[in-house]
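Below is one structure; the comments refer to it alone.
No lab work stands behind these numbers, since they all come straight from the coordinates. Everything numeric in this text was worked out from a predicted model, so none of it was measured. All Cβ positions, even for glycine, are placed from backbone atoms using ideal geometry, and neighbour counts span all protein chains on display.
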Amino acid sequence: MNSILVKQKKIFLDGEGDNWFLRNKKHLKNRAIKKKIIIHTIQNLIKDKNKKKISFLEVGCSNGSFLLQLKKKIKNCKIFGIDPSKKAIQELKRKKVKCYVGTADHLPFNKNSMDIIYYGFCLYLCDPQDYKNIYLSANRVLKKDGYIIIFDFFSKKIKRLIYKYDKRVTSIKQDFRKIFRINNKYKCIHHNVFNYSKMFKVKKYKKNDLLSISVMKNKNYKND
């Protein structure tokens, strides 16, 4: 059971973020299927926009392997990142990307500054009590005609599992679109659910281990 004294974000900021990065570093560049699917989703969102620059923020960016791949594919994309791992962010800063150590509930970027905010497989480890602040922070940073992309575990019913690397942490599987429907401001315009094995090449996987890619947009903004 989670400790009521230590929030999960503190555990990740205090070291588990670095531990995750070091455990997964050698695999980050090899997730070609994931990158292809998500980059295709992004390209579809921006293909009709005539903006000279697209500002793209990845929440849970690690060392920026996805961000740097995106930059190669979409030349007019200006990339930003945030992650709880100090080691990962230090590595990304050396590549001249504007990025910060932090968590999803506090995005240290200017108001109305991002065209797309992408939550890259991180919400399942966020504190549920921070969901409202995650929504508020995204709503502040995102442009009125911007998009939120969520890539994460998916379950119609909330499932809670003990995080195997730290028993103080709970991994949550659910429909994370609910976070951005708090004030009924955002609507889902794309939602694709698939099995874990279709995204990652693994020897073993659970039959009901589902992932999803969802795209949310401001339902009150009409000028597409």
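So here's what we get for this one:
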item	result
Relative contact order of the chain, defined on C-alpha pairs under 8 angstrom at six or more residues apart (%)	19
Shape of the stretch 82-167, Cα gyration tensor, a/c cut at 1.5	oblate
Label-point gap, in nm, between R94 and F194 - each point 7 angstrom along Cα→Cβ	3.3
Spin-label model distance (nm) - R168 vs K86, 7 Å beyond Cα toward Cβ	1.6
Kirkwood-Stokes translational diffusion coefficient of the chain, alpha-carbon pairs, 25 °C, 0.890 mPa s, µm²/s	138
Sites N24 and K219 - FRET efficiency at Förster radius 35 Å, r taken between beta-carbons, to 0.05	0.50
GNM result for the chain, Cα springs below 10 Å: residue of H190, H27, H40 fluctuating most strongly	H27
